[in-house]
Amino acid sequence: MDDHCRNTILIVEDDPDAVEANRILLEGEGYHTIFAMDPRSAFERVHSDSPDLILLDVMIPDGTEGFHFVWDLRRDPNPRCRAIPIIVLSAIHQTTPLRFYPDQSDSYYRPYEYLPVQAFLDKPASSKRLLAEIAAALRNANRAASATLRSNEATSLRSTRLIGAGAGNGVTD
């Protein structure tokens with residue numbers, strides 16, 4: 001078992017059996033799980049619990065409310081919320097001929113533009129594939145956060161140097 005204890009995964013799913021199956025799998029791998037049964041509750045959990053990743057069924061509880069959840073979250077005023085990786089785990093492709101894989105494009109949308117999520121898995125997905133996608137999404141999110149932190153530190157350092165130089169204290173670059 002890997003040590004993922006620091007990673008919290010929000011499971012957004014309206015089927016209690018699916019929530020339980022995913023909870024058992026993820027907690028068995030060391031992840032902490034929380035859940036929400038609808039988009040409103042999911043938004044509350046995002047803002048109160050700051051999950052590291054969201055595992056989302058797009059057909060919650062009726063129709064395609066999960067798609068709206070994704071788009072609303074990506075427009076959230078809080079940059080931390082906007083950046084949470086999302087993995088869709090859904091049976092929607094069993095109900096419609098339309099395909100929603102985020103890495104594909106069509107004549108209107110570039111990859112990841114229509115559905116800004118990190119992965120889209122069809123139910124039922126293998127445990128191995130689900131865990132691999134979660135690990136990859138978390139790894140990529142951590143890299144992005146580290147790059148942002150380094151950029152912010154560099155900006156802060158440049159500002160400090162400019163302030164010091166402007167104060168007439170003889171500091172030069």
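Given (1) modelled with pLDDT under 80; (2) under 25 Å from residue 23 (Cβ atoms); (3) outside any loop (DSSP other than H, G, I, E, B), where does residue 143 come up short, assuming only one miss?
For residue 143, the exception is condition (2).
Residue 68 fails exactly one of the following numbered conditions: (1) closer than 12 Å to residue 42 by Cβ; (2) without any contact (Cβ under 8 Å) to a residue 24 or more places away in the chain. What is the number of that condition?
If we test residue 68 against (1) closer than 12 Å to residue 42 by Cβ; (2) without any contact (Cβ under 8 Å) to a residue 24 or more places away in the chain, just (2) comes out false.
Kindly evaluate residue 3 against the criterion of being at pLDDT 95 or above, acidic (Asp, Glu) and more than 18 Å from residue 122 (Cβ to Cβ).
Spelling it out, it is not the case that residue 3 is at pLDDT 95 or above, acidic (Asp, Glu) and more than 18 Å from residue 122 (Cβ to Cβ).
Can you name every residue in segment 34-87 that is polar (S, T, N, Q) and out of contact with any strand residue (DSSP E or B) (no Cβ under 9 Å at 6 or more places or on another chain)?
48, 64, 78
Select, from 64, 33, the only residue that is polar (S, T, N, Q) and at pLDDT 95 or above.
33
Under 7 Å between Cβ atoms, at least 6 apart or on separate chains: pull out the pairs that start in segment 120-142 with a residue that is over 10 Å from residue 87 (Cβ atoms) and end on any residue that is assigned to a helix (DSSP H, G or I) and not charged (D, E, K, R).
122/93; 127/25
The values are calculated or read from the model by the stated rules, or taken from the named source; none is laboratory data. Not measured: the values here are computed from a predicted model. Neighbour counts run over all protein chains shown; Cβ positions are idealised from the backbone, glycine included.
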